[in-house]
Amino acid sequence: MESSNLTLNKIGQHLLRRGETISIAESVTSGSLQMAFSHIPQAEQFYKGGLTAYNLEQKVNLLNIDHNEAKSVNCVSRNISEQMALNVAKLFNTEWGIATTGFATPVEESRGEIYAYYGISYKGTIIRSDKIELHPMTKAVDAQNYFMEYVIGCLRCEVKREHFEVIA
């Protein structure tokens, strides 16, 4: 977790320097990203908040996810994570949005697999999203921690870049 703290601190420094804000929508990571961000020095200046929406009803009601699509994929897909990232940023009025959804335990709905999708949005555009797959014997808490650490690493790469808007 030491390297994760350093990474989070660097993310915080970049956001502070650029005057940008971030919000988080979680499902599979169950609030661990929100907790991690709340521990960054000066977090109140760039971290506006987040929510954990663990089921279809809450993802639809709180994050404006399409009900029919969510139902067809049990709320777990790349597109659902992207919608979550975009809509949490709208909800909290932030430049950056992060979202996770997936399965931390092998269940029937996941065909016995452990995986997550994540999405990272910046100024209303998805700039990164992917699927993270783990061995089906991975313990749930280890899967959640891995998903969290992976997304933090991806966010660090994106925050380091200068995402400039093209002005015509």
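At a glance:
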{"read-out": "Residue within the stretch 146-155 that is more than 13 Å from the chain's Cα centre (by Cα) and either open to solvent by less than 40 Å² (accessible area, probe 1.4 Å) or farther than 18 Å from residue 26 by Cβ (or both) present", "value": "no"}
{"read-out": "Residue within the stretch 53-61 that is touching a Ser or Thr at 6+ places or on another chain (Cβ under 9 Å), aromatic (Phe, Trp, Tyr) and over 22 Å from residue 156 (Cα atoms) present", "value": "yes"}
{"read-out": "Residue that is least open to solvent (accessible area, probe 1.4 Å) [pool: residues in the stretch 53-103 that are of a type in the set (Phe, Trp, Tyr) and farther than 14 Å from residue 118 by Cα]", "value": "92"}
{"read-out": "Checking residue 120 against (1) part of a helix (DSSP H, G or I); (2) of a type in the set (A, V, I, L, M); (3) touching a helix residue (DSSP H, G or I) at 6+ places or on another chain (Cβ under 8 Å), the condition it does not meet", "value": "(1)"}
{"read-out": "Residue, modelled with the lowest pLDDT, within the stretch 5-52, restricted to residues that are open to solvent by 40 Å² or more (accessible area, probe 1.4 Å) and among the aliphatic types (A, V, I, L, M)", "value": "6"}
{"read-out": "Some residue of the stretch 151-168 being in contact with an Asp or Glu (Cβ under 9 Å, 6 or more places away or on another chain), of a type in the set (A, V, I, L, M, F, W, C) and not in a strand (DSSP E or B)", "value": "yes"}
{"read-out": "Residues of the stretch 80-113 satisfying the condition of being more than 19 Å from residue 125 (Cβ to Cβ) and free of Cβ contacts under 8 Å to residues at least 40 places away in the same chain", "value": "105, 106, 107, 108, 109, 110, 111, 112, 113"}
{"read-out": "Output for the stretch 1-15, where each listed residue is farther than 14 Å from residue 156 by Cβ and either of a type in the set (Lys, Arg) or outside any helix (DSSP H, G or I) (or both)", "value": "1"}
{"read-out": "In the stretch 118-133, residue most open to solvent (accessible area, probe 1.4 Å) [restricted to those that are farther than 11 Å from residue 95 by Cα and of a type in the set (Ser, Thr, Tyr)]", "value": "129"}
{"read-out": "Tally of residues being modelled with pLDDT of 95 or more and touching a Leu at 6+ places or on another chain (Cβ under 8 Å) across the stretch 75-98", "value": "8"}
{"read-out": "Test result for residue 111, open to solvent by 40 Å² or more (accessible area, probe 1.4 Å) and closer than 23 Å to residue 8 by Cα", "value": "no"}
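The values are calculated or read from the model by the stated rules, or taken from the named source; none is laboratory data. Everything numeric here is computed off the predicted structure, so don't read it as measured data. Glycine also receives a Cβ, built like all others from the backbone with ideal geometry; neighbour counts cover every protein chain displayed. The accessibility values were calculated without ligands, DNA or RNA, using every heavy atom of the protein model including side chains. Shrake-Rupley method; radii C 1.70, N 1.55, O 1.52, S 1.80 Å.
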